[in-house]
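Heads up: the structure comes next, in structure tokens.
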Amino acid sequence: MGAKKKGKKGAAKDAAKGTPFRELLRCPPGPVDLSGFDTAATPGAPGGKSTTRKAMAGLGERVAELQEQLYACAQAEGDERRVLLVLQGMDTSGKGGVVKHVVGELNPYGCQVKSFKAPTKEELRHDFLWRIRRALPQPGHLGVFDRSHYEDVLIARVRDLVPRRVWARRYGTINRFEERLASDDCTIVKCFLHISSEKQKDRLMARLEDPAKHWKYNPQDVEERLLWDDYQQAYATALEKCNTEAAPWYVIPSDRKWYRNYAIMKLLMEACEGLDPHWPPGDFDLDTEKARVGDS
């Protein structure tokens, strides 16, 4: 399981067997060595860049329909179910790109997107999950976290923002929090956007070379890049300790943007299909209402 390093033939063989897409990318249990995952792999893709991009159109329509059905069920029937997409990854891994190219395909009425930056003074006065709870999706909605509660075991750990004894306890707190969410009708899709150090360097340079992308560039990103190995270890620990049945991690090879977007759209489709939403029937007599509208 997971996008372990292997040839294209191996990935095609997995897809040919009819393996659920989520199983191709699910992080395996136990210790995690991120160097063993191919950041340029394309497991389960229908083909190359062109073919996969064409397939995205159909996927987008399907996920949009499922998400709208989920929203309709909540509005008409009081259905409490919702979906939370968690996006984590190093700078330039494509969290914003996923929001634009994947979530952007869906009806905005049923989506909630939240980007978590450095905590505000008010947020720091509360426990680290306080701001997360306030941003959870409402029933029928797809919630998207661009960064999340995992920042509190990633940058907080790497930058020594809190003592080790504090961040070390947070893995268990996160697991209990996510288990409660899952039992409260929230389907959690956690995606680690995994890129190589070389690809990150290329993308940072591309931002500097294109004036239209200067607004995306933050000099602090270079400081964080110098701590690459520390962040890789922090991510590996988070993936190992918080990879539960209630909220498993998916490792998304993200060197290829087109595959990254396809993979996450596919995961969302499987998650929504698993909920089996429907179009709620109207609470009126159809023939009567047709006659009334015709006579109006």
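Conditions (1) open to solvent by less than 100 Å² (accessible area, probe 1.4 Å); (2) under 14 Å from E68 (Cα atoms); (3) among the aliphatic types (A, V, I, L, M); (4) more than 17 Å from the chain's Cα centre (by Cα), marked per residue:
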{"residue": "Y259", "(1), (2), (3), (4)": "yes, no, no, no"}
{"residue": "A263", "(1), (2), (3), (4)": "yes, no, yes, no"}
{"residue": "K266", "(1), (2), (3), (4)": "yes, no, no, no"}
{"residue": "E270", "(1), (2), (3), (4)": "yes, no, no, no"}
{"residue": "D276", "(1), (2), (3), (4)": "no, yes, no, yes"}
{"residue": "P280", "(1), (2), (3), (4)": "yes, yes, no, yes"}
{"residue": "D283", "(1), (2), (3), (4)": "no, no, no, yes"}
{"residue": "E289", "(1), (2), (3), (4)": "yes, no, no, yes"}
{"residue": "G294", "(1), (2), (3), (4)": "yes, no, no, yes"}
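Just give me the residues in region 53-92 being more than 27 Å from S183 (Cβ to Cβ), open to solvent by less than 20 Å² (accessible area, probe 1.4 Å) and not aliphatic (A, V, I, L, M), in sequence order.
Result: G60, G89, T92.
Within region 16-39, can one find any residue that is in contact with an Asp or Glu (Cβ under 6 Å, 6 or more places away or on another chain), in a helix (DSSP H, G or I), open to solvent by 20 Å² or more (accessible area, probe 1.4 Å) and not β-branched (V, I, T)?
Yes, the conditions are met somewhere in region 16-39.
Can you name the residue in region 209-220 that is over 21 Å from the mean Cα position of the chain (by Cα), charged (D, E, K, R) and open to solvent by 60 Å² or more (accessible area, probe 1.4 Å) and, of all such residues, is farthest from D79 (Cα to Cα)?
Only one residue fits best here, namely E209.
Identify, please: which residue in region 159-203 is closer than 30 Å to R256 by Cβ and among the acidic types (D, E) and is, among those, surrounded by the fewest Cβ atoms within 10 Å (Cβ to Cβ)?
The selected residue is E198.
So for region 100-109 (the condition being touching a helix residue (DSSP H, G or I) at 6+ places or on another chain (Cβ under 6 Å), under 23 Å from L154 (Cβ atoms) and crowded, with 20+ Cβ neighbours inside 10 Å), does at least one residue qualify?
yes
Which of the residues spanning region 89-121 are β-branched (V, I, T), in contact (Cβ under 8 Å) with a residue 24 or more places away in the chain and in a loop (DSSP other than H, G, I, E, B)?
Result: T92, V102.
Output the residues belonging to region 122-181 that are among the β-branched types (V, I, T) and either touching a residue at least 40 places away in the same chain (Cβ under 8 Å) or in a helix (DSSP H, G or I) (or both).
The answer is I132, V144, V153, I155, V158, V166, T173, I174.
Where in region 216-291 are the helices (runs of 4 or more DSSP H), entirely inside, with at least 3 residues that are modelled with pLDDT under 95?
Numbers: elements: 220-225, 228-241, 257-275.
So the answer is 220-225.
Confirm whether H149 is closer than 18 Å to F37 by Cβ and surrounded by 18 or more Cβ atoms within 10 Å (Cβ to Cβ). Don't jump to the end; show me each part of the working.
Details: closer than 18 Å to F37 by Cβ: no; surrounded by 18 or more Cβ atoms within 10 Å (Cβ to Cβ): yes.
Taking the combined requirement at face value, the residue does not satisfy it.
Results for (1) in contact with a Cys (Cβ under 7 Å, 6 or more places away or on another chain); (2) of a type in the set (A, V, I, L, M); (3) over 21 Å from N243 (Cα atoms); (4) touching a residue at least 24 places away in the same chain (Cβ under 8 Å), shown as yes or no for each residue.
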| position | (1), (2), (3), (4) |
| --- | --- |
| T39 | no, no, no, yes |
| G47 | no, no, yes, no |
| T52 | no, no, yes, yes |
| L59 | no, yes, yes, yes |
| A64 | no, yes, yes, yes |
| Q67 | yes, no, yes, yes |
| A76 | no, yes, yes, yes |
| R82 | yes, no, no, yes |
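Can you name every residue in region 124-144 that is open to solvent by less than 50 Å² (accessible area, probe 1.4 Å), hydrophobic (A, V, I, L, M, F, W, C) and touching a helix residue (DSSP H, G or I) at 6+ places or on another chain (Cβ under 8 Å)?
Within region 124-144, the first condition is being open to solvent by less than 50 Å² (accessible area, probe 1.4 Å), and the residues that meet it are 128-129, 131-132, 135-137, 139-144.
Among the residues that remain, those that are also hydrophobic (A, V, I, L, M, F, W, C) are: 128-129, 132, 135-136, 142, 144.
Listed by number, the residues that qualify are F128, L129, I132, L136, L142, V144.
Looking at A234, A238, A246, A206, can you tell me which residue is open to solvent by less than 60 Å² (accessible area, probe 1.4 Å), without any contact (Cβ under 8 Å) to a residue 40 or more places away in the chain, touching a helix residue (DSSP H, G or I) at 6+ places or on another chain (Cβ under 9 Å) and not polar (S, T, N, Q)? Don't jump to the end; show me each part of the working.
Details: A234 fails: without any contact (Cβ under 8 Å) to a residue 40 or more places away in the chain; A238 fails: without any contact (Cβ under 8 Å) to a residue 40 or more places away in the chain; A246 fails: without any contact (Cβ under 8 Å) to a residue 40 or more places away in the chain.
The unique qualifying residue is A206.
The values are calculated or read from the model by the stated rules, or taken from the named source; none is laboratory data. In this text the structure is predicted, and so the values were computed from the model without any measurement. Glycine also receives a Cβ, built like all others from the backbone with ideal geometry; neighbour counts cover every protein chain displayed. For accessibility, only protein heavy atoms count, side chains too; no ligands or nucleic acids. Shrake-Rupley method; radii C 1.70, N 1.55, O 1.52, S 1.80 Å.
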